[in-house]
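What follows is one structure encoded as structure tokens, with my remarks underneath.
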There are 2 protein chains.
Amino acid sequence: MNFPSRTTSNEIELGTTLQPKFGPDGLIPCITQDVATGEVLMFAFMNAESLGHTLKTKKATYWSRSRNKLWVKGEESGNVQWVKSLQTDCDQDVLLIKVEQTGSANASCHNGYKSCFYRQLTDLDAAATGASFALTYTAERLFDPATVYKKK
Amino acid sequence: MNFPSRTTSNEIELGTTLQPKFGPDGLIPCITQDVATGEVLMFAFMNAESLGHTLKTKKATYWSRSRNKLWVKGEESGNVQWVKSLQTDCDQDVLLIKVEQTGSANASCHNGYKSCFYRQLTDLDAAATGASFALTYTAERLFDPATVYKKK
């Protein structure tokens, strides 16, 4: 799918045409949010092909940098993300999609959590002094990766 | 501020110590969310210095790639972001901060909107066929950039 070319800064920032900026590596960052709760589920990248596939199928489709291939979210785990809206930021170099996460486990993360952001800095004040960078788990594991993925 | 070194994949993904991955350019992406509403306000980058400054001051501090300098959010506009929590993702190469956005305009975006994500793809079905990539504004402008910033 061909997306509109980047035009002027004014058109990109204040216009009403999607003109996504794919970086030198062909990728644009994408933030994925739960449409119902607003929880940030994950952060990944898309290239033009995966953005096109996302729009055509409504299934969130990323570009896997580690596997160097199109990554239809949930194709292996069954936890498909159905896209309900797509937004872009002021300079159109980031995408934000809101999705309905489906599948038996309702988990986005390969480690078995709903969101990849399942840990939080325990104590901001301790971190402020460099005394502790401990993380606390803020979510429960919804599936055991070993039973869902055949190989690590 | 020195952050803990990256150790094993298992420790990074399932451990309880912050081990942020600063990329080859020294940067880590950061998603900023409104702590009260969950709205994604912006997306920017931090380096170790800006993450340290963020933790020390509780003011969200990014690294401006365009100006190549530390960027204390709100230092010019007055719209400071007070950090309430900091999360990281499974492989600790992204940060997610939840902030209380302050300032008279309560706006994150230099274009005068609360969030940088003030536009949304109008019609997912039209985009799916490549028929239209029109965007619709989903937010109201809260300030006029010309009156807040002295220079563009």
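The values are calculated or read from the model by the stated rules, or taken from the named source; none is laboratory data. Model, not experiment: these values are computed from the prediction. Using ideal geometry, Cβ is built from the backbone for each residue, glycine included, and neighbour counts are taken over all protein chains shown.
With respect to the numbered conditions (1) hydroxyl-bearing (S, T, Y); (2) under 16 Å from the mean Cα position of the chain (by Cα); (3) at the interface with chain A (Cβ under 10 Å from one of its Cβ atoms), which one is the sole condition not fulfilled by B:Y137?
Just one mismatch for B:Y137, condition (2).
Which residue, of A:K73, A:K69, is of a type in the set (D, E, K, R), over 22 Å from B:Y118 (Cα atoms), buried (at least 18 other Cβ atoms within 10 Å of the Cβ) and at pLDDT 95 or above? If you could, list the steps in order and put the result at the bottom.
On the way: A:K69 fails: buried (at least 18 other Cβ atoms within 10 Å of the Cβ).
That would be A:K73, the only listed residue that is of a type in the set (D, E, K, R), over 22 Å from B:Y118 (Cα atoms), buried (at least 18 other Cβ atoms within 10 Å of the Cβ) and at pLDDT 95 or above.
One line per residue, one yes/no per condition, for (1) free of Cβ contacts under 8 Å to residues at least 40 places away in the same chain; (2) assigned to a loop (DSSP other than H, G, I, E, B); (3) within 18 Å of A:M1 (Cα to Cα); (4) hydrophobic (A, V, I, L, M, F, W, C):
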site	(1), (2), (3), (4)
A:L51	no, no, yes, yes
A:R67	yes, yes, no, no
A:G74	yes, yes, no, no
A:N79	yes, yes, no, no
A:W82	yes, no, no, yes
A:Q92	no, yes, yes, no
A:L96	no, no, no, yes
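Please indicate, with yes or no, whether at least one residue in segment B:63-86 is within 29 Å of B:T8 (Cβ to Cβ), facing chain A (nearest Cβ under 10 Å) and not hydrophobic (A, V, I, L, M, F, W, C). Give the steps one after another, and end with the answer.
First, the residues of segment B:63-86 that are within 29 Å of B:T8 (Cβ to Cβ): B:63, B:83, B:85-86.
Add one more test, that the residue is facing chain A (nearest Cβ under 10 Å), and what stays is B:83, B:85-86.
Filter once more, keeping what is not hydrophobic (A, V, I, L, M, F, W, C): B:85.
Checking segment B:63-86: at least one residue is within 29 Å of B:T8 (Cβ to Cβ), facing chain A (nearest Cβ under 10 Å) and not hydrophobic (A, V, I, L, M, F, W, C).
Is there a residue in segment A:100-122 that is within 11 Å of chain B (Cβ to nearest Cβ), among the basic types (K, R), surrounded by 21 or more Cβ atoms within 10 Å (Cβ to Cβ) and closer than 23 Å to B:L14 by Cα? Write out each step before concluding.
Initially, segment A:100-122 is screened for residues within 11 Å of chain B (Cβ to nearest Cβ), giving A:108-113, A:115-122.
Now restrict to residues that are among the basic types (K, R): A:119.
Now narrow it down to the ones that are surrounded by 21 or more Cβ atoms within 10 Å (Cβ to Cβ): A:119.
Subset that is closer than 23 Å to B:L14 by Cα: A:119.
Within segment A:100-122 (the criterion being within 11 Å of chain B (Cβ to nearest Cβ), among the basic types (K, R), surrounded by 21 or more Cβ atoms within 10 Å (Cβ to Cβ) and closer than 23 Å to B:L14 by Cα), the answer is yes, since at least one residue qualifies.
Which residues, counting only those in segment B:16-36, are away from chain A (no Cβ under 11 Å), free of Cβ contacts under 8 Å to residues at least 60 places away in the same chain and either buried (at least 22 other Cβ atoms within 10 Å of the Cβ) or of a type outside the set (A, V, I, L, M) (or both)?
B:F22, B:P24, B:D25, B:G26
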